[in-house]
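Before any comments, here is the structure.
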Amino acid sequence: MNNERSHTIRQEIIALLENAPMTAREISQAVRIMEKDVPHHLAAIQKTVKRRKLRLEVTPCCCRNCGFEFRQRNTFKKPGKCPGCKNPRIVSAIFRVVP
């Protein structure tokens with residue numbers, strides 16, 4: 001099995017997100033990187049797609065218990081728990097690249 005990539009990790013992520021919305025976990029599985037590394041790549045991708053006149057659209061995380069949405073979140077990391085009800089069950093954000 002050949003482990004060499006024909007594109008960079010970020011190029012692969014951009015191509016995936018242009019085709020379909022994905023969570024950080026789905027991205028990590030598709031490009032074979034650790035899930036904790038995905039937010040770092042997404043921050044760089046946000047700048048890259050902006051130069052290409054595209055946009056990284058983020059459907060925010062939300063609490064499974066009370067429905068609180070993390071709309072004002074400036075990072076791509078999944079929060080640890082809900083600030084409202086303190087429940088740790090958080091639905092992952094969904095990312096996609098749109099024109």
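Each value in this text was obtained by applying a stated rule to the coordinates, not by laboratory testing. It should be emphasised that the depicted structure is a prediction, and the values quoted were computed from it without experimental measurement. Glycine gets a Cβ as well: all are built from the backbone with ideal geometry, and neighbour counts include every protein chain shown.
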Sorted by chain and then number, the residues having a modelled amide H within less than 5 Å of the amide H of ILE94, at least 5 places away or on another chain, are THR59
With -39,500 (n - 2.57) per DSSP H segment of 4 or more residues and division by the full residue count of the chain, the 222 nm estimate, nearest 500 deg cm²/dmol, is -10000 deg cm²/dmol
For the pair THR75 and ARG96, the simple spin-label estimate (label points 7 Å beyond Cα toward Cβ) gives in nm 2.7
